[in-house]
Amino acid sequence: MLKTTTHNTMHNNLKAADPTTFNDIFTQLQQHYGHLPWWPADTEYEMMVGAILTQNTNWKNVEKALANLAGHLTGKIAPQQILAMPLDTLAQLIRSSGYYNQKAIKLKALTLWYQKYDFDISQARCIEGATLRIELLAVNGIGPETADSILVYALDKPFFIIDNYTRRILHRIGFELPTGYDKLRLLLEQNIPRNITTYQQYHALLVEHAKRYCTKIPQCQHCPLYCCCQKNIE
DNA sequence: TTCCCGCTAA
DNA sequence: TTAGCTGGAA
């Protein structure tokens, strides 16, 4: 006879994080979506620019902004040109990404940080991940999610990216999630093998899944995680 | 009207 | 803890 502990009842049968479950989720998503070509960008610098532009913004609008920038700069988006450009001009070019005045300032700040490494990604990659993370967080306009995105997709440093999608999916599946960005990040990093390829792909899968099935109003019918999910919907 | 791969300032 | 930042698509 199974006994339900009062502890379980009080916490609505929430799951504890464990490596096997996270591995299962990864496998299921991987089988469904296959390998995803993330992050979409021609250069590491463009990746970082995209990370700023997509803050609380639909990626489609970011693509337009990136295309505008590339057009104005006749080709590839170079950090030197971003620094040289007047703030207003930059702001107008990225208008479609929203918060354009703020983001223009943020792009300048990001680029000034990058200049420290001569705009050379291989130089930046020589620095330890934890150090780079502190540096990025000190840049105006770069918070934890943007920092970790840059670390994972441009600098090849393994930090688990936490975004709304990650929280939404894991919450619905039924995990007890700590409040606070770093608490959840550390929890996942302790339960998922810390290698860069896995972290790149895992985050990509979560985002894709949140857009296809685990949307604001979830489409559970043909969800690849249907069986292991408690459908813990508000 | 709501929702987008958030962050800062206060 | 939350107002403010902002355009574009659904």
> Can you tell me which residues in the stretch A:140-170 are closer than 23 Å to A:Asp42 by Cα, aliphatic (A, V, I, L, M) and assigned to a loop (DSSP other than H, G, I, E, B)?
Replying inline: A:Ile142, A:Ala154, A:Leu155, A:Ile161
>> From the list A:Ala78, A:Ala65, exactly one residue is aliphatic (A, V, I, L, M), at pLDDT 95 or above and away from DNA strand B (no atom under 16 Å from the Cβ). Which is it?
In response: A:Ala78
>> Every residue in the stretch A:113-134 that is among the aliphatic types (A, V, I, L, M), surrounded by 13 or more Cβ atoms within 10 Å (Cβ to Cβ) and in a helix (DSSP H, G or I), please.
In response: A:Ile121, A:Ala124, A:Leu132
>> Suppose we filter A:Leu137, A:Leu110 for residues that are assigned to a helix (DSSP H, G or I), free of Cβ contacts under 8 Å to residues at least 60 places away in the same chain and in the same structural domain as A:Ile77 (by TED's automatic domain parsing); which single one remains?
In response: A:Leu137
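Of A:Ile169, A:Ile121, which residue is touching an Asp or Glu at 6+ places or on another chain (Cβ under 9 Å) and modelled with pLDDT of 95 or more? Spell out the reasoning first.
Details: A:Ile169 fails: touching an Asp or Glu at 6+ places or on another chain (Cβ under 9 Å).
Exactly one of A:Ile169, A:Ile121 is touching an Asp or Glu at 6+ places or on another chain (Cβ under 9 Å) and modelled with pLDDT of 95 or more, namely A:Ile121.
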>> Suppose we keep only residues that are away from DNA strand C (no atom under 15 Å from the Cβ) and loosely packed, with under 15 Cβ neighbours inside 10 Å within the stretch A:78-95. Which one would you say is farthest from A:Gln115 (Cα to Cα)?
In response: A:Pro86
> Applying the selection to the stretch A:29-49, what residues are in contact with a Leu (Cβ under 7 Å, 6 or more places away or on another chain) and either of a type in the set (Phe, Trp, Tyr) or surrounded by fewer than 19 Cβ atoms within 10 Å (Cβ to Cβ) (or both)?
Replying inline: A:Gln30, A:Tyr33, A:Leu36
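Only one of A:Leu205, A:Leu186, A:Leu177, A:Leu136 is at pLDDT below 95 and either within 19 Å of A:Asn23 (Cβ to Cβ) or near DNA strand B (Cβ under 10 Å from one of its atoms) (or both). Can you tell me which? Before the answer, list the steps.
Details: A:Leu205 fails: at pLDDT below 95; A:Leu186 fails: at pLDDT below 95; A:Leu136 fails: at pLDDT below 95.
It is A:Leu177.
The values are calculated or read from the model by the stated rules, or taken from the named source; none is laboratory data. Computed from a predicted model, the values in this text were never measured in an experiment. Methodologically, a virtual Cβ is constructed for each residue, glycine included, from the backbone with ideal geometry; neighbour enumeration extends over all protein chains shown.
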